[in-house]
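The values are calculated or read from the model by the stated rules, or taken from the named source; none is laboratory data. Predicted, not measured: the structure shown is a model, and the values here were computed from it. Because the Cβ atoms are built from the backbone with ideal geometry, glycine has one as well, and the counts that use them run over all protein chains shown. Side chains are part of the model used for accessible areas, which takes the heavy atoms of the whole protein and leaves out ligands, DNA and RNA. Shrake-Rupley method; radii C 1.70, N 1.55, O 1.52, S 1.80 Å.
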Amino acid sequence: MCYEMKAGIVATMSTPTVSSPAPSRPATRPARRPLPWRARFAFLSLIWGFSFLFMKVGTEGFAPFQVTLGRLLFGTAVLAVAMATKRERLPRGARTWGHLAVAGFFLNALPFSLFAYSELTIPSTLAGICNATSPLWGMVLSLVALSEDRPTRLRVAGLGLGFLGVLTVLGAWQGFHGLDARGTGMALLASLSYPVGWIYVRRTLAGSRESHLSLTGGQLLLATVQLAVVTPLFTSLPGHLPVVPLLAIAALGALGTGFAMLVQYGLVAEVGPTTAQMVTYFVPIIATAAGVAVLGEHLTWSTPVGAVIVLAGAALTQARPRQRGSLARPVAVGESGADRNAPAVKN
């Protein structure tokens, strides 16, 4: 998730002025240029798409709560290093920490755990596609919770098309034959949890003076604490540490949660939230390809067809009429130029 982007984060420009010659200074090494944004965009798509594969592999050696706890531990460690490097501090104020605890629950602890549990009984491909329904849930909730959001015919059509795609993926005409209802329900509930968290953040933290890195670091820290309390109550210590599942959890947390957040912030600052949030539409495609190619998961015709319909519907729900002569306000976490409840960090 991305917190409110300050104007200075996007770009800072100054008008050159004429002044007296400055004393000569020792030559300094030029700053290293980051990778082209398209390369970082592709990396983000890949790592978030493979997150569902990593979860599947992780649950083969550890309980779902343990997978989620490990994921949060590795992700928090990455952000802690980034904060130390940039000399950022954790947020201050009990009220801010209270809001971050709620955000950490709905945007990290709850959906991460639900996805991990769902993949005990459903393929990672189906979990990845269920994840793509977040914009659909977001539109429904925003119409109820956000008074400034007004439905349009195009967005309502997108909503109907998106849920038609969900029914196609699930094979509704076959009576959902062979479908694990509990696992699928958990994956859909996880996708619903994200927009609940986005709306809460928009109402409580979007105008915070803290940096986005500081807020996200605090959020992940609190989500980690929540899982650290819950996990021992429902799981027991594993007798051994299988290497492959452990590596999958490390990759899921360090890359898919921690490092991916840092990459996303850079993308938003460089190319804007509208372009950056388009990564969401590549995630289910990569998740499906990874599940089939690496894990050998079975794929019927209805899965890719339904996924395309879901993505088309989700794209339509983001459509907004352009307002002439108006200045865009700052973008908050989970917001984009097309839809201020569009998904951001969630894998």
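Observations
- Test result for PHE112, over 17 Å from VAL283 (Cβ atoms), among the aromatic types (Phe, Trp, Tyr) and in contact (Cβ under 8 Å) with a residue 40 or more places away in the chain: no
Residues are listed down the side, and each one gets a yes or a no for (1) in a helix (DSSP H, G or I); (2) in contact with a Pro (Cβ under 8 Å, 6 or more places away or on another chain); (3) farther than 18 Å from PHE74 by Cα; (4) open to solvent by 10 Å² or more (accessible area, probe 1.4 Å):
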{"residue": "VAL229", "(1), (2), (3), (4)": "yes, no, no, yes"}
{"residue": "LEU241", "(1), (2), (3), (4)": "no, no, no, yes"}
{"residue": "ALA251", "(1), (2), (3), (4)": "yes, no, no, yes"}
{"residue": "LEU267", "(1), (2), (3), (4)": "yes, no, yes, no"}
{"residue": "PRO284", "(1), (2), (3), (4)": "yes, no, yes, no"}
{"residue": "ALA290", "(1), (2), (3), (4)": "yes, no, yes, no"}
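- The single condition among (1) in contact (Cβ under 8 Å) with a residue 60 or more places away in the chain; (2) open to solvent by 40 Å² or more (accessible area, probe 1.4 Å); (3) more than 20 Å from ALA190 (Cβ to Cβ) that LEU141 does not satisfy is (3).
- Applying the criterion of being part of a helix (DSSP H, G or I) and hydroxyl-bearing (Ser, Thr, Tyr) to the residues of region 74-127, the residue that is most open to solvent (accessible area, probe 1.4 Å) is THR85.
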